[in-house]
Amino acid sequence: MSEMRGVYTLWLRELKRYTRERTRIVSSFFQPILWLVVFGAAIRLPISGSTSLEYQQFIFPGIIGQTLLFTSMFMGISVIWDREFGFLKEILVSPISRGSIFLGKMLGASTDAVIQGIIVLLLGFVIRVPVSAVIFLQALPLMLLITFGLVCIGLSIASFISSLESFGAIQSFVNLPLFFLSGALFPLSNVPSWLLWVSYVNPLTYGVDALRTIILGSSWTPLFPVHYEVLTVCAFDAAMILIGTFAFSRRK
Amino acid sequence: MGYIIKTTDLTKKFGNLTAVNKLNITVERGEVFGLLGPNGAGKTTAISMLSTILKPTSGTATVNGFDIVKQPAQVRKSIGMVFQDPSVDDRLTGRENLVMHANLYGVSTNEQKKRIKAVLRLVELEDRADNLLRTYSSGMRRRLEIARGLIHYPRVLFLDEPTIGLDPQTREHIWTYISELGKREDITVILTTHYMEEADRLCDRIAIIDYGRIVVLDAPQNLKEKLEGEIITVKTKDAERLSEKLREAKLVEEIAAAGDRLRLKVRSGHTILPRIVEMAASSGIYIEYVSLHEPDLGDVFLHYTGRAIRPEGGEEYHGFTAIRRRQMR
């Protein structure tokens with residue numbers, strides 16, 4: 001009971017901090033639009049396996065995945081920030097268990113990341129991808145599932161690293177391979193087999209593919225049946241939550 | 001069970017540095033217990049271990065009957081903490097910080113409003129409660145943190161340098177509140193401080209620690225009484241020469257020097273003071289200033305650690321007292 005309240009309290013704090021940063025919300029429009037409108041329009045790649053899709057529409061779910069990834073990883077910084085500014089101590093001496101602290105932080109960061117994702121999702125009309133209520137309601141829980149695991153990566157890394165600078169370095173070290181090898185920017189149907197296998201190891205691949213199937217509907221053929229992809233994402237989440245809780249609960 | 005905290009050979013090492021060295025303290029239920037020591041003496045490390053933030057390298061302690069190593073969750077439920085460094089969220093308002101704290105400690109919603117109102121009045125932040133913390137001055141943030149530490153009524157309240165950087169009026173308020181808190185049943189206060197005045201006024205017992213060890217532990221009054229006699233402070237440009245002369249003449253019990261100032265411990269100030277002045281005059285040493293006072297906790301501290309506490313930095317008494325201490329033993 002009191003643990004739940006603690007989780008809620010920490011979740012609310014993350015959300016409040018996020019919504020008060022107007023500049024971050026406004027700037028979150030910028031990067032996806034750049035990808036969709038400039039990159040997407042310039043690279044007019046034919047999409048193998050689909051005749052009706054334009055490249056812009058193809059990368060749209062990928063850009064949502066990218067937004068979730070980058071925002072989730074970025075949220076790891078909040079742990080370092082809290083440590084630097086001393087606030088982490090206040091939470092650590094409270095009666096709330098380390099597990100609940102991690103859960104609250106994770107849920108808060110995930111909510112922030114998904115809000116960013118929703119903003120991009122709603123930009124679909126710009127490139128003529130209609131987002132109906134049904135698509136929205138299917139995409140939303142999937143986006144949350146994708147985000148949980150990614151946020152845990154960011155938080156776990158942050159609990160081992162003490163400076164903002166080195167977190168930034170490691171962050172891009174993780175971000176870019178995950179992004180490029182997820183099939184966000186090109187279909188995985190005609191890549192060399194080594195690249196395909198590397199992509200299969202990447203959890204984001206399944207998230208992006210499932211998202212693409214939901215958003216683009218019948219014009220896209222998924223790599224695997226969607227429910228398998230969602231299950232894979234769930235398994236990844238479970239593993240990452242365990243690792244994250246462990247990383248966070250260490251005491252010096 | 002009369003005690004609420006008992007440490008057994010509590011030790012913390014950071015690499016080669018032993019920050020806390022086999023600390024054995026027993027804190028009685030309901031007392032205000034002071035930990036005094038110079039910077040880096042191990043006060044904060046000791047408190048961090050007792051509040052389960054740091055794990056001891058060896059030894060252990062119980063807080064409210066719970067082991068700090070084996071039962072950290074129960075320990076955390078029993079304690080409140082006001083940290084030395086800022087630990088508030090500056091993107092939230094003062095009130096939001098307080099509500100968040102109350103929620104983390106499971107204070108019921110009805111009770112929250114009452115207590116938050118009370119602590120805000122105490123630290124005189126009622127009119128700023130709904131401003132973001134980033135608009136607060138550092139003194140105001142400090143006040144808010146103290147308010148926060150008081151919202152849940154813990155069994156043990158740790159105050160790490162609670163009034164550092166506060167103006168005299170606020171400090172006075174906080175002191176009054178802490179001493180009232182100490183009188184209330186079932187709350188034990190552990191306080192670390194640089195300020196002698198603070199320790200003297202608030203603490204039932206004081207442990208002076210230096211280099212991770214307890215140097216002395218007693219009630220402030222007893223500590224001062226152990227230091228029989230009085231203190232004479234002399235300011236002169238010839239401090240070194242004067243102290244040599246004084247040592248030769250065996251006029252004083254103890255000499256500590258800091259720049260152009262000498263701090264002399266004497267048995268009877270009124271008879272010895274004129275003789276010091278006379279001696280200085282006959283040796284051609286010009287005394288700019290001289291004063292006589294009863295020993296305060298600052299002198300106690302100086303006596304036991306060989307270093308005077310200077311909270312705002314600046315001079316420290318070194319050397320002579322340390323030498324003197326060795327001779328006395």
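The values are calculated or read from the model by the stated rules, or taken from the named source; none is laboratory data. Please read these numbers as outputs of a predicted model, since none were measured by experiment. Virtual Cβ from ideal backbone geometry, glycine too; neighbours counted across all protein chains shown.
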Scan segment B:156-164 and tell me whether some residue there is in contact with a Phe, Trp or Tyr (Cβ under 9 Å, 6 or more places away or on another chain), among the charged types (D, E, K, R) and more than 14 Å from every other protein chain (Cβ to nearest Cβ). no
So which of B:ALA129, B:ALA118 is surrounded by 16 or more Cβ atoms within 10 Å (Cβ to Cβ), of a type in the set (Gly, Ala, Ser), more than 23 Å from A:ARG83 (Cβ to Cβ) and over 22 Å from the mean Cα position of the chain (by Cα)? B:ALA129
Members of segment B:32-56 found to be surrounded by 17 or more Cβ atoms within 10 Å (Cβ to Cβ) and either away from chain A (no Cβ under 14 Å) or among the charged types (D, E, K, R) (or both), listed by number: B:VAL32, B:PHE33, B:GLY34, B:LEU35, B:LEU36, B:GLY37, B:PRO38, B:ALA41, B:GLY42, B:LYS43, B:ALA46
Can you tell me which of A:THR147, A:THR111, A:THR67 is within 23 Å of A:VAL233 (Cβ to Cβ), touching a helix residue (DSSP H, G or I) at 6+ places or on another chain (Cβ under 9 Å), more than 14 Å from every other protein chain (Cβ to nearest Cβ) and modelled with pLDDT under 95? A:THR67
Set B:LYS22, B:LYS13: member being within 14 Å of chain A (Cβ to nearest Cβ), modelled with pLDDT of 90 or more and outside any loop (DSSP other than H, G, I, E, B): B:LYS13
Mind checking whether some residue in segment B:167-188 is within 14 Å of chain A (Cβ to nearest Cβ) and touching a residue at least 24 places away in the same chain (Cβ under 8 Å)? no
Considering segment A:146-164 alone, what residues qualify as being of a type in the set (A, V, I, L, M, F, W, C) and crowded, with 17+ Cβ neighbours inside 10 Å? A:ILE146, A:PHE148, A:LEU150, A:VAL151, A:CYS152, A:ILE153, A:LEU155, A:ILE157, A:ALA158, A:ILE161
Filter result (more than 7 Å from chain B (Cβ to nearest Cβ) and without any contact (Cβ under 8 Å) to a residue 60 or more places away in the chain) within segment A:86-98: A:LEU88
Does A:SER52 qualify as being in contact (Cβ under 8 Å) with a residue 60 or more places away in the chain, away from chain B (no Cβ under 13 Å), of a type in the set (S, T, N, Q) and surrounded by fewer than 17 Cβ atoms within 10 Å (Cβ to Cβ)? yes
Residue in segment A:22-29 that is over 28 Å from A:SER219 (Cβ atoms), surrounded by fewer than 13 Cβ atoms within 10 Å (Cβ to Cβ) and away from every other protein chain (no Cβ under 14 Å) present: yes
Take A:VAL93 and tell me if it is touching a strand residue (DSSP E or B) at 6+ places or on another chain (Cβ under 7 Å) and of a type in the set (A, V, I, L, M, F, W, C). yes
Read through the list (1) surrounded by 18 or more Cβ atoms within 10 Å (Cβ to Cβ); (2) more than 7 Å from chain A (Cβ to nearest Cβ); (3) assigned to a helix (DSSP H, G or I); (4) touching an Asp or Glu at 6+ places or on another chain (Cβ under 9 Å), then give the number of the only condition that B:ALA61 fails. (3)
Taking segment B:99-108, which residues are hydroxyl-bearing (Ser, Thr, Tyr) and more than 7 Å from chain A (Cβ to nearest Cβ)? B:SER108
Would you be able to say whether some residue in segment A:138-149 is touching a residue at least 12 places away in the same chain (Cβ under 8 Å), among the small types (Gly, Ala, Ser) and assigned to a helix (DSSP H, G or I)? yes
From the list A:LEU176, A:LEU195, which one is closer than 21 Å to A:GLY154 by Cα, exposed (fewer than 15 other Cβ atoms within 10 Å of the Cβ) and free of Cβ contacts under 8 Å to residues at least 24 places away in the same chain? A:LEU176
Working carefully through the options B:GLU96, B:GLU111, find the one that is in a helix (DSSP H, G or I), within 18 Å of B:ILE187 (Cβ to Cβ), within 14 Å of another protein chain (Cβ to nearest Cβ) and not hydrophobic (A, V, I, L, M, F, W, C). B:GLU111
Determine if segment B:196-218 includes at least one residue that is more than 24 Å from B:TYR3 (Cβ to Cβ), surrounded by fewer than 21 Cβ atoms within 10 Å (Cβ to Cβ), in the same structural domain as B:ILE25 (by TED's automatic domain parsing) and of a type in the set (Val, Ile, Thr). no
Which ones in segment B:76-105 are free of Cβ contacts under 8 Å to residues at least 60 places away in the same chain and under 23 Å from the mean Cα position of the chain (by Cα)? B:ARG76, B:ASP85, B:PRO86, B:SER87
Find all pairs meeting these conditions: Cβ atoms under 6 angstrom apart; at least six residues apart or on different chains; first residue within segment B:112-123 and more than 16 Å from B:ARG143 (Cβ to Cβ); second residue assigned to a helix (DSSP H, G or I). B:GLN112/B:ALA102
Pairs returned, first residue in segment B:239-254 that is free of Cβ contacts under 8 Å to residues at least 24 places away in the same chain, second residue that is of a type in the set (Asp, Glu) and outside any helix (DSSP H, G or I), beta-carbon separation under 6 angstrom, 6 or more apart or interchain, are B:ALA239/B:ASP260
Return the total of residues in segment B:64-81 being assigned to a strand (DSSP E or B) and within 10 Å of another protein chain (Cβ to nearest Cβ). 3
Could you say whether any residue in segment B:125-139 is within 14 Å of chain A (Cβ to nearest Cβ), at negative phi, in contact with a Leu (Cβ under 6 Å, 6 or more places away or on another chain) and acidic (Asp, Glu)? no
On the given criteria, is A:ARG128 over 26 Å from B:GLU145 (Cβ atoms), among the charged types (D, E, K, R) and either surrounded by 21 or more Cβ atoms within 10 Å (Cβ to Cβ) or touching a residue at least 24 places away in the same chain (Cβ under 8 Å) (or both)? yes
Filtering segment B:71-85 down to residues that are over 17 Å from B:LEU157 (Cα atoms) and surrounded by 18 or more Cβ atoms within 10 Å (Cβ to Cβ) yields none
Is segment B:83-92 home to any residue that is within 30 Å of B:ASN21 (Cα to Cα) and in contact with a strand residue (DSSP E or B) (Cβ under 6 Å, 6 or more places away or on another chain)? yes
